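The structure appears below as structure tokens.
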Amino acid sequence: MSPSPLGDPSPVPGPPVGRVLGTADATPLSFWVAVEPGAYLQLDDVVVTRRELPDREPVTISGVVTAVRARHEGALFESDVFAIADGTLPAQVQEAAEITTTRVEPEFYVPPTPGAVVHRAAGEVRSRALYFDRMEQPVPLGAGRDGAPVYLNFEFLNGQRGAHVSISGISGVATKTSFATFLLYSVFRSGVLGAEAVNTKALIFNVKGEDLLFLDHPNTRLTESTVDAYAALGLPAAPFPDVAVYAPPRQGDPTGTPDVSSRLSGVDSFYWTLEEFCADRLLPYVFADADDERQQYTMVVHGVTAHLARHAVPADGGVSIEGTRLGSYADLVDFLVAQVNDEESRPYWVGSAVGLGTVNAFARRLIASKKDLGRLIRGDLPAGRPHSVNTAESAQMTVVDLHNLPDRAQRFVVGVTLKSEFERKEKAGTAKPLLFVVLDELNKYAPREGSSPIKEILLDIAERGRSLGVVLIGAQQTASEVERRIVANSAIRVVGRLDPAEAGRPEYGFLPPAQRARALIAKPGTMFVNQPELPVPLVVEFPFPAWATRPAEAGPAPHATLRSLTQSVDAFAVVGARPAGASLSDDDIPF
Amino acid sequence: MRILHTSDWHVGKVLKGQSRMDEHVAVLGQVVDIARSERPDLVLVAGDLFDTAAPTPDATRVVTRALSALHGTGADVVAIAGNHDNGAALDALRGWAEAAGITLRGSVRDRAADHLISGRTTAGEEWRLVALPFLSQRYAVRATEMFALSAAEATQTYADHVGRLVAALTESFDGNAINLITAHLTVVGGVLGGGERDAHTIQSYAVPATVFPTGAHYVALGHLHRRQHVLGPCPVHYSGSPLAIDFGEEENTPSVTIVEATATTAAKTRDVPITSATPLRTVRGTLDELSTVDAGGAWLRVYVNEKPRAGLREAVQELLPRALEVRVDPGMLAAQAEAPRAQRSGRAPRDLFGDYLDSKGHADPDVVALFDRLYGEVSG
């Protein structure tokens, strides 16, 4: 045998498990294997076989088991099984497995010979079968069915050959957010980023509950077996080391206390000052409803935005426009409505070609936004304190909590934050270091029908983000309701438990039928990951998170997030600190 | 078991010079009557028993006799100190109070076991009570940090401190006994006044209701004077004060809260109104309108819709002898705010004084005449 240019052509395969069947067609892309007695094959096992060719080196065909069946050979009727079990009727139990080819090496697509020995792939043979040996930067995803680690090629995540992840599955069972956070943990801690891990940032939008606010707290339910599972993947079992949490200010609170009830330390409130609102032209994001682009009042919006940017002057926390000082968002709205309704000032604000009806439509919507956005756009809170979501100056992971905000306010925050992050990336000029954006409920922010500023930004990220170094990790319950271009641009597609009606949609065409059926009954923690290099999605079980996923699991807060020195001390010791001799305690009195 | 929950007595309160001791005696007498008829197993007084840190002898006498009378109905009595009380003084009396059958907790101590009180009703039900008196912010937020922390961080630090105290004290809560908490603080979601203002928008250091555990049967709070239920992981209630303490609380219906709870069922509350308090009312109008007002035995706060002048207050008090507070209606004063600044130099003192009176909205020709006479006498 001549030596193969790919290196050692024949590492030792695992134990033999059967032979290639001839009763079914064996094709280069799929073939059947008869399992020999004493051996077994389960779904997702990796097997390898070899085909000898007359004038070339042998071809190694590796594949993954996608279906297994067992039957009685020699039985005709269903009642025969009892006779067979008693031994009165001779019959043979035979198992057969369908193999979908993953790799043919060298790439000579010939079918395997019926009767050829099939081996279970282990060790290096398994790595070759699943393309792990060609991955220069493998990111551990979890354990496969056989317990050995499964990797993702980082080049399809960091924009080099592909980017963006799309995770689908029904709510609650599909563990989409847990998988997204585990993927980030793996990327940050497995060493694929090298030295630039210091400057790589992640931005997570939390839209459901307060569970994502505890990423830096250790999980009290961590067991030894889970720690071993992490060690098998080459990862330390620890919470995220550097997390900044932002939450909107409480409604009506003049001090701007963040509106979270389960985490009481280490949360900052985010808000925009009136000055930033005017200077950064944030008014269009107030009108981020789905059908806004088609309305006529968008011209009024842009006119007013431009006028504000030109004429608003910072004044003692608020802004001053043409002499009038405005101290809150409500004041600003009232002022703008008065200006556009007034015949004399209207041309300066919106131009002369705008009808009264259009102006009224603008005014109505602006007034409707007063209540929702009043707590986010402030003129009374200090501008010096960290209050804006800026990943360049913030921790490695930034969690922005949106679940307490009404819909319009959520869209405003997401739109403005993504826009400013994208602009910063554009100005930075280089794709590296990367920015990961995790956004849940993508079917709400980028629906297939309708358009909005947020959808435009998400589309921009999906289409241009690769070259700018912004990676979108989007999660949704139904990929069929998300803008097609966003899903189509995702190199990595992950599926958890699916709804049966949803599973039949063409967006999940990458799942072979057997896996699609399995996706309907997948248990929490099992995901089907599709990457461009492998023709078949891999089944991955990722370990239980080492960080807290709900308040009940949260251990003590990391020291760096505590703002006051009293928070790190036992609560009773704080109270008991009395200077000596200040007052008698009961113990001092002997009677 | 049956619990009677009351708070914020503010005995010793003097409202605009009018002592309310008689009302307090009547109101607390009614509370004791209610306790006699309802026969609770436990009486919780959730803070602010006294109005000042150095109560008068009369106030002390009323409070001690009220607590003893409540104990005399056969109930266990637990009282905690509020922000108005002198917590350390109450703690000093603990030994005497225990001997009288009354459990007092005046200040948060560093011994956790001090704040966990357990007992057993006559019917044999076990109960556990976490008694947390008012915790001053100065423990959680140190003076040295007041400049370093923003107001939001200070609020959070206080809430975190309270949360950790409650978590440490409620660790032993299980399903075998009735789990109760009493404290004196502002919870986010509570309302002030007639219910129109959220408490956390006015008062700082509000604590979210999630600091209380899900396994508590009832949380008896004091500090806000309006009877209300705050949404949280367990029943969180303010009993409200048994009489309107100050103007602004007129729309509250004073009451005490009766709670029925067992170890395995949810707590059910009902209110018993207190009717023997003198109501407080606010009336507005011109002098003519006010002359038609019938005080009806209530104390009045009067907003007069007239320009301020000498003798106005006396006129109002003549019309309404039960008026405790007389003010000019703010609507009248707002109209004066836009007066332009006049030039001052080169004008006679009489004109300047007349301008000054106009700018203050004072419309009284007698004062101007008096000024002229006095100025004439002084300048010869």
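The values are calculated or read from the model by the stated rules, or taken from the named source; none is laboratory data. Everything numeric in this text was worked out from a predicted model, so none of it was measured. Virtual Cβ from ideal backbone geometry, glycine too; neighbours counted across all protein chains shown. Quick note on the areas: whole protein, heavy atoms, side chains included, nothing else; ligands and nucleic acids left out. Shrake-Rupley method; radii C 1.70, N 1.55, O 1.52, S 1.80 Å.
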The range B:34-71 to the range B:280-321: how many Å between their Cα centroids? 35
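Pop out the carbon and sulfur fraction of the accessible area of the range B:219-341 as a percent, whole number, probe 1.4 Å. Display every interim value, and only then the final one.
Details: 3030 of 5890 Å².
Taking all protein chains in place, the range B:219-341 shows 51 percent carbon and sulfur surface.
For the range B:27-168, with all protein chains present and a 1.4 Å probe, just round the carbon and sulfur fraction of the accessible area to a whole percent. Provide the component values of the computation, followed by the final result.
Details: 3220 of 5790 Å².
That share works out to 56 percent.
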Averaged over A:303-311, how many beta carbons belonging to a partner chain fall within 10 Å of each residue's beta carbon? 0
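To the nearest 20 debye, what charge dipole does chain B have about its Cα centre, counting +1 at the Cβ of each Lys and Arg and -1 at the Cβ of each Asp and Glu?
Details: 36 positive and 46 negative charges, 85 e Å.
Its charge dipole is roughly 400 debye.
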Work from the charge dipole of the range B:176-324 (Cβ charges, +1 for Lys and Arg, -1 for Asp and Glu, about the Cα centre) and give the residue of B:275, B:209, B:299 farthest towards its positive end. B:209
I want to check the label-to-label distance for residue B:356 and residue B:61. Put each point 7 Å from Cα in the C-beta direction and report it in nm to one decimal. 5.0
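Using a 1.4 angstrom probe on heavy atoms only, work out the carbon and sulfur share of the accessible area of chain A in %. Walk me through the numbers on the way to the answer.
Values: 13280 of 25100 Å².
Within chain A, the accessible surface is 53 percent carbon and sulfur.
Can you give me the relative contact order of the range B:231-321 as a percent, contacts being Cα pairs under 8 Å and 6 or more apart?
22
Across every pair of different alpha-carbon atoms, what Kirkwood hydrodynamic radius in Å does the protein assembly as shown reach? Don't skip to the answer; put the middle values down first.
Details: mean 1/r = 0.0291 Å⁻¹.
This gives a value of 34.3 Å.
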Could you work out how much longer the chain between residue A:195 and residue A:226 gets when fully extended? Use 0.36 nm per residue separation minus the Cα distance between them, nm to one decimal. 8.4 nm
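Give me the inter-chain shielding for A:559-566: mean count of other chain Cβ atoms within 10 Å, whole number please. Can you show the working numbers first?
Numbers: counts 0, 0, 0, 2, 10, 13, 5, 10.
So the per-residue partner count for this stretch is 5.
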Heavy atoms of residue B:58 accessible to a 1.4 Å probe, total area in Å² rounded to 10: 80
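In Å², and per residue, what accessible area does the range A:66-196 have when probed at 1.4 Å with the other protein chains present? Could the numbers behind the result be given before it?
Values: 5620 Å² over 131 residues.
Dividing the accessible area of the range A:66-196 by its residue count gives 43 Å².
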Mind pulling up the Rg/Rh value for the range B:84-212? Radius of gyration and Kirkwood radius, both on Cα. 1.01
Take residue A:427 and residue A:517, extend 7 Å from each Cα along the Cα→Cβ direction, and tell me the distance between the two endpoints in nm. 5.6
Mind putting together the pair-distance distribution for the range A:4-129? All Cα pairs, 10 Å bins, whole percent per bin, short to long. 13, 41, 27, 12, 6, 1
Taking Cα centroids, how far is the range B:349-378 from the range A:145-222 in Å? 79
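Could you state the accessible area per residue of the range A:219-281 in Å², with a 1.4 Å probe and every protein chain left in place?
Numbers: 2270 Å² over 63 residues.
Per residue, the range A:219-281 has an accessible area of 36 Å².
Can you give me the Rg/Rh ratio for the range A:144-207, using Cα atoms for both radii and the Kirkwood formula for Rh?
Reported Rg/Rh (Cα atoms, Kirkwood Rh): 0.98.
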Give the Rg (one decimal place) followed by the Dmax (whole number) of the range A:439-591, computed from C-alpha coordinates and expressed in Å. 26.1, 85
For residues of A:251-263, the mean tally of beta carbons on other chains within 10 Å: 6
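If you filter the range B:180-258 for GluC sites (Glu not before Pro), then keep DSSP loop positions with at most 10 other Cβ within 10 Å, what is left? Write down the numbers at each step before the final one.
Details: sites: B:196, B:249, B:250, B:251; in loops: B:196, B:249, B:250, B:251.
Filter output for the range B:180-258: B:196.
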Using a Cα-Cα cut-off of under 22 Å, which lysines could be cross-linked to residue A:427, ignoring same-chain neighbours fewer than 8 residues away? A:201, A:419, A:455
Summing -39500 (n - 2.57) over every DSSP H run of at least 4 residues in the protein assembly as shown and dividing by its residue count gives a helix-only mean residue ellipticity at 222 nm, to the nearest 500 deg cm²/dmol, of -8500 deg cm²/dmol
Reachable lysines from residue B:360, Cα under 30 Å, same-chain residues fewer than 8 places away excluded? B:16, B:307
Hey, got the dipole for the protein assembly as shown? About the Cα centre, +1 on K and R Cβ, -1 on D and E Cβ, debye to the nearest 20? 580
Rounded if a/c is under 1.5, else prolate if a/b beats b/c, else oblate: with a ≥ b ≥ c from the C-alpha gyration tensor eigenvalues square-rooted, which is the range A:450-496? oblate
Using only protein heavy atoms and a 1.4 Å probe, how much accessible area in total is buried between B and A, to the nearest 100 Å²? 2900
Reachable lysines, given that their alpha-carbon falls under 30 Å from the alpha-carbon of residue A:523 and they are not under 8 places away in the same chain: A:176, A:208, A:444
Residue B:172-residue B:322 FRET efficiency (beta carbon distance; Förster radius 35 Å; 0.05 resolution): 0.10
Would you mind checking the range B:277-294 for residues with the amide N under 20 Å from a putative spin-label position 7 Å along Cα→C-beta of residue B:37? B:277-279
Give me the distance in nm between label points sitting 7 Å out from Cα along the Cα-to-Cβ direction at residue B:99 and residue B:314, one decimal. 5.6
Find how many whole Å separate the alpha carbon centroid of the range B:200-279 from the alpha carbon centroid of the range A:311-374. 43
